[in-house]
Amino acid sequence: MLRRLKAIARKIGGVLGTNDLQRELGAFRADFQDLRTRSVDSQVTQLLLRELYRRQFQEGALPLPFHEVEFRCHSQNGEDGILLYLFAAIGTTNRRAVEICAGDGQQCNTANLILNHGWSALLFEGDPSLAESARAFYRKHPATFSFPPKVIETWIVRDTINQTIRDAGFTGEIDLLSLDLDGVDYWIWEAIEVIRPRVVVAEIQAIWGAERAVTVPYRDDFQSPLMDGFGIYSGASLPAFVKLAKRKGYRLVGTQALGFNAFFVRDDIAQDRFPAVTAEAALDVPFVAWARETYLPRVRDREWVEV
């Protein structure tokens, strides 16, 4: 894989038309059709791939579907690849990120950006043991031991979220906000005003499909009971997030292959490259159909708030 990418990269410095580049990238993808499930641990490989994407957009190529660019290094699913692709297309400003509920810091949406692309980040985690694991990991990692991300152990509530972020030194424009609370995600994003992310990735409650704009009710101490390892009575449907995003000046541009992490781009950025997509189109994936059939009947009659 690295040898092929280096060969393509050498051509970037010369004259390489869109059709030629598309053929080279097509051959690369043919050799690695399972890229979205492979561990792409080489920083060099990612940097080369980012430059190839940039060249594609410079040549006027149409955006690729997210399922074609997914891969995971540190994300739970294919979010690493999608974020690499998005920021290759729209660029970065300050490479700053805020992640709410980052777990142990090793499997989250910002870890790959921190470790392989030099981003600075603010990571929140409510579990003390996970927060300490994150601190220890970044203190020891050669990429971050000199300047690790800020890891703050706290339970996130909407009345104090802005002050909490401000106290950590993050205000104004940032490149990325990631939300994965397994609970009151909708209400927290609604409350956040102190930062203005260019891209937001939010875990949604896919069991509703595009049927209703609903969220769990807000409580400071909300915790989702697990069903078969999933937080089913939690979060908000994609239509609810689309409505909230529109009010805050963002548009839905897609989801990862399983349909439960949604990506939003601020409306003043790259409208031509990433136009809005509908919730129906974004959720037309097998996992969502299975989840609706399997789990929606078990929680449909719980308390959900229409938004």
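The values are calculated or read from the model by the stated rules, or taken from the named source; none is laboratory data. Model, not experiment: these values are computed from the prediction. All Cβ positions, even for glycine, are placed from backbone atoms using ideal geometry, and neighbour counts span all protein chains on display.
Beta carbons closer than 7 Å, at least 6 apart along the sequence or on distinct chains, pair a first residue in region 98-112 that is within 16 Å of PHE71 (Cβ to Cβ) with a second that is surrounded by fewer than 20 Cβ atoms within 10 Å (Cβ to Cβ) and of a type outside the set (Gly, Ala, Ser) for GLN107/GLN76.
The set of residues from region 161-213 being of a type in the set (Asp, Glu), under 16 Å from PRO239 (Cβ atoms) and over 17 Å from the mean Cα position of the chain (by Cα) comprises GLU190, GLU211.
Does region 243-260 include one or more residues that are of a type in the set (S, T, N, Q) and in contact (Cβ under 8 Å) with a residue 60 or more places away in the chain?
Here is the first cut: in region 243-260, the residues of a type in the set (S, T, N, Q) are 255-256.
Still in the list and also in contact (Cβ under 8 Å) with a residue 60 or more places away in the chain: 255-256.
Scanning region 243-260 turns up at least one residue that is of a type in the set (S, T, N, Q) and in contact (Cβ under 8 Å) with a residue 60 or more places away in the chain.
There is at least one residue in region 38-52 that is over 25 Å from LEU252 (Cβ atoms), in a loop (DSSP other than H, G, I, E, B) and modelled with pLDDT of 55 or more.
For region 153-180, residues that are surrounded by fewer than 20 Cβ atoms within 10 Å (Cβ to Cβ), among the β-branched types (Val, Ile, Thr) and within 15 Å of CYS101 (Cβ to Cβ) total 3. Taking first residues from region 261-284 that are surrounded by 14 or more Cβ atoms within 10 Å (Cβ to Cβ) and partners that are in a loop (DSSP other than H, G, I, E, B) and aromatic (Phe, Trp, Tyr), the Cβ contacts under 6 Å between residues at least 6 apart in sequence or on separate chains come to VAL265/PHE274.
For region 227-240, the criterion of a residue being in contact with a Ser or Thr (Cβ under 9 Å, 6 or more places away or on another chain), modelled with pLDDT under 95 and aliphatic (A, V, I, L, M) is satisfied by at least one position.
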